[in-house]
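Peer 1: Quick one: the structure is below, and I'll ask about it shortly.
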Amino acid sequence: IIGCFFLGNPTLPVYRGEIQALGLGMDVSCYDDQGNEIFNQEGELVCKKSFPSRPIYFLDDKSNEKIKKAYFEKFPGVWHHGDFITLTDRKTVKVFGRSDATLNPGGVRIGTAEIYRQTETLPYLSDSLCVGRPFDGDVEVVLFVKMAENQLLDEDKIKEIKTQIRKNTTPRHVPAHIWAVNDIPYTRSGKKMELAISRILQGKEITNREAVANPECLEEYQQFSV
């Protein structure tokens, strides 16, 4: 995304947590769920016109069904990138992570990147992954953590993690459960596989195991399914 839809600009002010400018020649916008352009609110990253780096087709997709489903299904004719952003009225951008992995506990929309910003500050955590898990007709936030070398997850650390998240975000962001795991699954391109773990927690099959860089770690997550 950075270097395509959004760019740095040495001639503009820097605002904490924001990317300075939209990409040159990129008709970037932020839509709500109804396809209305919004500012200073969290919404969907879209690009309203074609752009040079946009793929024109997928391999083995002669009917173009796959590319349409991936990028044009939500807003017909408009590139929907699948990331959750805020576009400010000064045209800076805040990026919150994948919108298709956005959590929605109690109807409050939460980007997982908001939680990762907090876990990354804790030296005893090597990595983390946050997903939603169905619970009592709603969704509960659960956090998987990979501990740093020679560190163990105990009640004191769990309390500290929750306090860190609550203090810097909102009570809705605080995980209902925090569990230690041996590894965090990533795609071969280096992205956390939140959706795959979400499917496991719902007792569903993972259909794209070939995309997992470390598939041996997936089995451990089965024990946390509902």
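Results for (1) under 24 Å from GLU18 (Cα atoms); (2) modelled with pLDDT of 90 or more, shown as yes or no for each residue.
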{"residue": "ASN36", "(1), (2)": "yes, yes"}
{"residue": "PRO52", "(1), (2)": "no, no"}
{"residue": "ASN64", "(1), (2)": "no, yes"}
{"residue": "ALA70", "(1), (2)": "no, no"}
{"residue": "TRP79", "(1), (2)": "yes, yes"}
{"residue": "GLY82", "(1), (2)": "yes, no"}
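Peer 1: Does the stretch 137-151 include one or more residues that are among the polar types (S, T, N, Q), over 21 Å from the mean Cα position of the chain (by Cα) and surrounded by fewer than 17 Cβ atoms within 10 Å (Cβ to Cβ)?
Peer 2: yes
Peer 1: Turning to a different aspect of this structure: I'm checking my understanding of the structure. Among residues of the stretch 115-130 that are out of contact with any strand residue (DSSP E or B) (no Cβ under 6 Å at 6 or more places or on another chain) and in contact (Cβ under 8 Å) with a residue 40 or more places away in the chain, which one is surrounded by the fewest Cβ atoms within 10 Å (Cβ to Cβ)?
Peer 2: Checking each candidate, the answer is THR121.
Peer 1: Still on this structure, I have one more. Mind listing whichever residues of the stretch 1-31 are among the aliphatic types (A, V, I, L, M) and surrounded by 11 or more Cβ atoms within 10 Å (Cβ to Cβ)?
Peer 2: Result: ILE1, ILE2, LEU7, LEU12, VAL14, ILE19, ALA21, LEU22, MET26, VAL28.
Peer 1: Just the residues that are among the hydrophobic types (A, V, I, L, M, F, W, C) and within 21 Å of GLY35 (Cα to Cα), please, taken from the stretch 54-85.
Peer 2: ILE67, ALA70, PHE72, PHE75, VAL78, TRP79, PHE84, ILE85
Yes/no matrix, rows are residues, columns are (1) surrounded by 16 or more Cβ atoms within 10 Å (Cβ to Cβ); (2) in contact with a helix residue (DSSP H, G or I) (Cβ under 8 Å, 6 or more places away or on another chain); (3) in contact (Cβ under 8 Å) with a residue 12 or more places away in the chain:
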| position | (1), (2), (3) |
| --- | --- |
| PHE39 | no, no, yes |
| LYS49 | no, no, yes |
| ARG54 | no, no, yes |
| LYS69 | no, no, no |
| GLU73 | no, no, no |
| GLY77 | no, no, no |
| HIS80 | yes, yes, yes |
| THR86 | yes, no, yes |
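Peer 1: Given (1) touching a residue at least 60 places away in the same chain (Cβ under 8 Å); (2) farther than 25 Å from ALA213 by Cβ; (3) touching a helix residue (DSSP H, G or I) at 6+ places or on another chain (Cβ under 7 Å), where does PRO134 come up short, assuming only one miss?
Peer 2: Every listed condition holds for PRO134 apart from (3).
Peer 1: Further, regarding this structure: Just one of (1) in a helix (DSSP H, G or I); (2) out of contact with any Pro (no Cβ under 7 Å at 6 or more places or on another chain); (3) within 30 Å of GLU18 (Cα to Cα) trips up GLU216, so point out which.
Peer 2: GLU216 satisfies all of (1) in a helix (DSSP H, G or I); (2) out of contact with any Pro (no Cβ under 7 Å at 6 or more places or on another chain); (3) within 30 Å of GLU18 (Cα to Cα) except (3).
The values are calculated or read from the model by the stated rules, or taken from the named source; none is laboratory data. Predicted model, so just to flag it, every value in this text is computed and none were measured. Please note: Cβ atoms are built from the backbone with ideal geometry, for glycine as well, and neighbour counts cover all protein chains shown.
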